[in-house]
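Bear in mind these aren't lab numbers, they're just calculated from the coordinates by the rules spelled out. Keep in mind that this is a model prediction, so the values were computed, not measured. Glycine gets a Cβ as well: all are built from the backbone with ideal geometry, and neighbour counts include every protein chain shown.
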Amino acid sequence: MRILITNDDGIFAPGIVPLVEWAKRMGEVTVVAPKIEQSGKSHAIEFVKPFEIKKVDLWEGVEAYSCDSTPADCVRFGIMGLGRTYDLVLSGINRGVNLGVDMIYSGTVAAIFEASYWNHRALALSTYPDTRDDAAAQLDYIYNYIKDNNLFDYNDIYNVNIPKDPRGIIITCQGTPYFTDEFKPIGNDMYLQTGEMIPDEKPNDLSRDTVATANGYISITPITLSRLNKDAFTALKAKNL
């Protein structure tokens, strides 16, 4: 099995270490991860100017590269730059959950969208900032659930969020926004974007990733690269437009 690993916290982030060690038991691992943190960069790529991609020696038996660009570019280099295909692309383990519609901002999730663009199966793995080790302990459980239920027969990419001491796994949809947003002035014409966690608008609906994870369940959400609104498309075509 050939596995490509990336993240958006950076190649030296603690969360990538247990993911690499776990994946090494599964097969041949290649790592291409950002040189510096790229959180919130979503699906950006750099095509205006050149950027550094440097081979690094971080894990025994693992070919690894530091990429001075975004998670999407890391996946692009892993596939196009190295001229390889993979059985699985893994992104994470992210320091912070990626839930609800706010996942559109996530570099962690964007990496698996890029994998899908190149017809690869992929998982984005995220957890709360202080539960990395607990999340890593759930990797076998999550992967066995995915295999045993043939999830990749239904979709090629899944967004996975892992709470501490999970009560189980729930297949979920996207919930409502997970953070509020505020532009905070800090002087000298400078602003800092801040926010606070907010509850889902349907707090009892465990089929929503925001609610399931808040209630102690691992949420596995099938997501898609397509931005097409199928209902609108179908309705408009029915009008012969």
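Placing +1 on the Cβ of every Lys and Arg and -1 on the Cβ of every Asp and Glu, with nothing else charged, gives the stretch 193-236 a dipole about its Cα centre of roughly 220 debye. Helix-only arithmetic for the chain: the sum of -39500 (n - 2.57) across DSSP H runs with n ≥ 4, divided by the residue total, places the mean residue ellipticity at 222 nm at -6000 deg cm²/dmol.
Close amide H pairs (under 5 Å, H built 1.01 Å from N) link Thr70 with Glu46, residues at least 5 positions away or on another chain.
The stretch 98-142 and the stretch 195-213 have Cα centres separated by 18 Å. Given their separation in residues at 0.36 nm each and the Cα-Cα distance between them, Asn155 and Asn119 gain 11.9 nm when the chain is fully extended. The length gained by stretching the chain between Glu196 and Asp133 to full extension, at 0.36 nm per residue less their Cα-Cα distance, is 20.3 nm. Note on the chain: with charges restricted to the Cβ of Lys and Arg (+1) and Asp and Glu (-1), its dipole about the Cα centre is near 700 debye. Evaluated with a Cβ-only charge set (Lys, Arg +1; Asp, Glu -1), the stretch 1-72 carries a dipole of roughly 140 debye about its Cα centre, given to the nearest 20. Classify the stretch 167-241 from the C-alpha gyration tensor, please: rounded if a/c falls under 1.5, else prolate or oblate depending on whether a/b exceeds b/c. Verdict is oblate for the stretch 167-241. Using only the Cα atoms of the stretch 97-145, build the gyration tensor, take square roots of its eigenvalues as a ≥ b ≥ c, and label the shape rounded, prolate or oblate: rounded if a/c is under 1.5, else prolate if a/b is larger than b/c, else oblate. The shape class here is oblate. Please give the net charge around Gly195, taking every other residue with its beta carbon less than 14 angstrom from that of Gly195, where Lys and Arg add +1 and Asp and Glu add -1. It works out to a net charge of -3. Once you have a ≥ b ≥ c as the square roots of the Cα gyration tensor eigenvalues for the stretch 66-222, tell me rounded if a/c is under 1.5, and otherwise prolate or oblate according to whether a/b is larger than b/c. Oblate, since a/c reaches 1.5 and b/c is not below a/b. For the peptides 57-65, 202-210, 100-108, 183-191, the ranking by mean Cβ contacts within 10 Å, running from highest to lowest, is 100-108, 202-210, 57-65, 183-191. With a simple spin-label model that places each label point 7 Å from the Cα along the Cα-to-Cβ direction, the separation between Ala238 and Phe183 comes to 4.1 nm.
For the stretch 1-149, count all C-alpha to C-alpha pairs, find those more than 17 Å apart, and express that count as a whole percent of the total. In whole percent, the share of Cα-Cα pairs in the stretch 1-149 beyond 17 Å is 56.
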